Every structure is written in structure tokens, then in C-alpha cells.
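The values are calculated or read from the model by the stated rules, or taken from the named source; none is laboratory data. Quick caveat: nothing in here was measured; it's all calculated off a predicted structure. Cβ placement follows ideal geometry from the backbone for every residue including glycine, while neighbour counts extend to all protein chains displayed.
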Amino acid sequence: MDFNKIINENKNHIKNIIRSITGEENEDIEQDVCVKIWKNADKYEEKGFVKSWISIIVKNTSLDYLKSSYSKHSKNSTSDDFVVNSIQDTKESPESKVVNLERRRRIIKAIDSLKPKFKEVIMLCEIQGYSYEDCAKKLKCPLGTVKSRIYNAKKELSIVLQDLL
């Protein structure tokens with residue numbers, strides 16, 4: 001497994017997932033992801049796509065970052081610090097940040113709970129931006145199968161996430 005090739009081919013993919021989960025570009029998370037890929041490359045079993053394996057590493061690393069960032073902030077800040085930090089951010093209120101973060105977590109959890117074949121097409125088409133045709137080629141299945149799986153996955157997600165719609 002050529003580490004440099006894997007990182008270079010998936011650099012934008014890694015950045016996109018980090019941005020979608022954390023709402024920002026974060027080089028620290030990117031670096032952590034690269035280190036984890038490098039350390040765990042020998043554990044990777046070529047049963048699926050490397051991109052899917054990387055996606056899981058990025059997702060988990062980003063979520064871990066959010067958890068640790070929140071706990072560090074709440075342990076190390078006084079209420080005055082929190083107010084000052086909140087005032088500096090004019091784009092989004094703290095309440096809406098929490099709501100958006102919780103919303104993202106629920107969506108990720110809902111996607112994780114899908115059957116593997118549904119999760120795979122949602123990750124490829126909706127998260128990674130593959131066209132249905134490219135997804136069908138990648139999965140080596142008919143275009144109609146991809147469309148059907150997307151439809152059924154979205155149907156399941158709409159039931160689970162009904163209160164967010």
C-alpha cells in the first residue's frame with residue numbers, strides 16, 4: 001500500500017468530510033487522519049474500497065476532535081471567557097452551533113445505522129459527490145440498482161430523521 005499515493009488521491013475527500021462534520025477546515029484533523037492511516041495501513045483488509053476505509057477514519061477522527069474540543073472548552077473556560085468567545089462569533093449563535101452540531105451527529109448516526117449496501121451508496125453519492133453512473137461503475141452493479149438503493153436509503157433516513165425535516 002503506497003501511503004503517499006493514497007493520501008494524495010484522497011486529500012480533497014478528507015478535507016470535505018472534515019468540513020462537513022466540523023464546519024471548518026482543520027489541518028490538525030487532516031494531520032491526525034494521515035497519521036492514523038499510516039499507522040493502520042497494515043491492518044487494512046482489501047475487502048472494500050480504500051476510500052470507504054479512509055472515510056470512516058476521517059469521520060471518527062473529526063467526531064473525536066469535536067468531543068475533545070467541547071470538553072476542553074467547558075473545563076478550561078470561565079463563564080466570562082465563554083461570553084467573550086461567543087461575542088466574537090457574529091455568524092452563528094452558540095445555540096445554533098449546538099443545534100447544528102447535534103443535527104450533524106444525528107444524521108451521521110442515522111447513516112451509520114443503514115444496511116451496508118444502502119450506506120455505501122449514500123456515502124458515495126451524497127457525501128463524496130459521485131454521480132449515480134460513477135457509483136454504479138465503482139460498485140460494479142447496474143445503474144438501476146444504485147438508484148433503487150439511494151431511494152430506499154433516503155426513505156429509511158427520512159423515517160429516522162423525520163423530526164429534522
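Failed condition for V35, given (1) in a helix (DSSP H, G or I); (2) closer than 25 Å to K137 by Cα; (3) of a type outside the set (K, R), with all others met?
(2)
Cβ-Cβ under 8 Å, sequence separation 6+ or interchain: first residue in region 103-122 and under 15 Å from S62 (Cβ atoms), partner in a helix (DSSP H, G or I) and among the charged types (D, E, K, R). Which pairs?
Taking only residues 6 or more apart or on different chains, the pairs are I108/K59; I111/K119; D112/K119.
Working only within region 21-56, note down all residues that are closer than 22 Å to C125 by Cβ, modelled with pLDDT of 85 or more and surrounded by fewer than 18 Cβ atoms within 10 Å (Cβ to Cβ).
I56
What are the pairs, 6+ residues apart or on separate chains, where a residue within region 21-50 that is of a type in the set (D, E) has its Cβ under 7 Å from a residue that is surrounded by fewer than 16 Cβ atoms within 10 Å (Cβ to Cβ) and part of a helix (DSSP H, G or I)?
Qualifying pairs under 7 Å: E25/R19.
Have a look at K140, K119, K147, K109 and point out the one that is within 15 Å of the chain's Cα centre (by Cα) and surrounded by fewer than 16 Cβ atoms within 10 Å (Cβ to Cβ). Walk me through it before giving the result.
Numbers: K140 fails: within 15 Å of the chain's Cα centre (by Cα); K119 fails: surrounded by fewer than 16 Cβ atoms within 10 Å (Cβ to Cβ); K147 fails: within 15 Å of the chain's Cα centre (by Cα).
On inspection, the qualifying residue turns out to be K109.
Identify the residue in region 1-16 that is among the hydrophobic types (A, V, I, L, M, F, W, C) and over 20 Å from S62 (Cβ atoms) and, among all such residues, is modelled with the highest pLDDT. I'd like the intermediate steps shown before the answer.
Of the residues in region 1-16, the ones among the hydrophobic types (A, V, I, L, M, F, W, C) are 1, 3, 6-7, 14.
Okay, now just the ones that are also over 20 Å from S62 (Cβ atoms), so 1, 3.
Details: M1: 58, F3: 71.
Among them, the one singled out is F3.
Would you pick out the residues in region 122-137 that are polar (S, T, N, Q) and loosely packed, with under 14 Cβ neighbours inside 10 Å?
Of region 122-137, the ones polar (S, T, N, Q) are 128, 131.
Hit for region 122-137 is S131, nothing else.
Being acidic (D, E), surrounded by fewer than 12 Cβ atoms within 10 Å (Cβ to Cβ) and more than 20 Å from N16 (Cβ to Cβ) is the requirement here; does D163 meet it?
On the way: acidic (D, E): yes; surrounded by fewer than 12 Cβ atoms within 10 Å (Cβ to Cβ): yes; more than 20 Å from N16 (Cβ to Cβ): yes.
Considered against the rule, which asks whether it is acidic (D, E), surrounded by fewer than 12 Cβ atoms within 10 Å (Cβ to Cβ) and more than 20 Å from N16 (Cβ to Cβ), D163 comes out as yes.
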